[in-house]
Structure formats: C-alpha cells, structure tokens
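Novice: Provided herewith is a single structure, encoded as structure tokens, for subsequent inquiry.
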Amino acid sequence: MNTIEKTQEDVLVEELVAINNEIVLFNDDVNTFDHVIDTLIRVCQHSSEQAEQCAILVHYKGKCTVKTGSFEELKPQWTQLLDAGLSAEIV
C-alpha cells in the first residue's frame with residue numbers, strides 16, 4: 001500500500017512543477033495605468049478588477065505575478081506584453 005501511495009504522490013508533484021512558471025510584470029515610468037490595465041485584460045484575460053489590482057501592485061511593490069502556467073502557455077502572452085511596451089519576464 002505505501003508503494004502505491006508514494007507513486008501517486010510523485011506524479012502529483014511532477015505535474016505541479018511542470019506548471020510552475022509565472023509571468024512577472026515590472027513597474028516602469030513609461031506606461032499609464034490605463035494602458036497596463038487594458039493590456040492585462042486583452043492579453044491575460046484578466047477581469048477589470050484583477051487587472052487594476054495588478055497595476056496597483058506593480059506600481060507600489062515594483063512587480064506582480066500576472067499569470068501562471070507552463071512555459072509554452074505563457075510565452076505567447078509574455079511576447080504580447082512585451083510588444084505592448086510592458087516590462088515582463090517568465091520565471
């Protein structure tokens with residue numbers, strides 16, 4: 001019994017590690033709140049409230065995780081954020 005439970009645990013941990021990437025958005029002195037909010041809604045499918053909260057966090061804390069997922073899922077969104085003039089990276 002212990003061997004079966006251990007194997008199931010290992011599979012769950014591997015699945016969690018696989019989707020453990022994040023897009024982190026950074027503060028800058030160029031983009032307006034409205035531009036950041038509109039871009040997060042369009043690119044990351046945030047609600048207006050979620051996008052506004054992320055923009056506020058970025059402004060006051062310097063950065064905010066705006067999306068999580070696998071690298072393959074995040075790369076197109078990250079590219080769109082960069083193309084919109086925002087500062088972001090995948091970690």
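Novice: Can you name the residue in the range 46-69 that is open to solvent by 20 Å² or more (accessible area, probe 1.4 Å) and touching a helix residue (DSSP H, G or I) at 6+ places or on another chain (Cβ under 7 Å) and is also nearest to residue 24 (Cα to Cα) among such residues?
Specialist: So the residue we want is 67.
Novice: Quick one: in the range 76-89, of everything that is in a helix (DSSP H, G or I) and among the polar types (S, T, N, Q), which residue is farthest from residue 39 (Cα to Cα)?
Specialist: This residue is 79.
Novice: Can you pull out the residues in the range 80-91 that are more than 14 Å from residue 29 (Cα to Cα) and either more than 12 Å from the chain's Cα centre (by Cα) or of a type in the set (Lys, Arg) (or both)?
Specialist: Hits for the range 80-91 are 80, 82, 83, 84.
Novice: Let me ask you something else. If you check residue 73 against the conditions, is it outside any loop (DSSP other than H, G, I, E, B) and surrounded by 12 or more Cβ atoms within 10 Å (Cβ to Cβ)?
Specialist: yes
Novice: For the range 23-54, which residues satisfy the criterion of being outside any helix (DSSP H, G or I) and under 13 Å from the mean Cα position of the chain (by Cα)?
Specialist: Within the range 23-54, 23, 24, 25, 26, 45, 46 qualify.
The values are calculated or read from the model by the stated rules, or taken from the named source; none is laboratory data. The structure presented is a predicted model; accordingly, all values stated were derived computationally and were not measured. Ideal geometry is used to build each Cβ from the backbone, glycine not excepted, and the neighbour counts take in all protein chains shown. All accessible areas refer to the heavy atoms of the entire protein, side chains included, with ligands and DNA or RNA removed. Shrake-Rupley method; radii C 1.70, N 1.55, O 1.52, S 1.80 Å.
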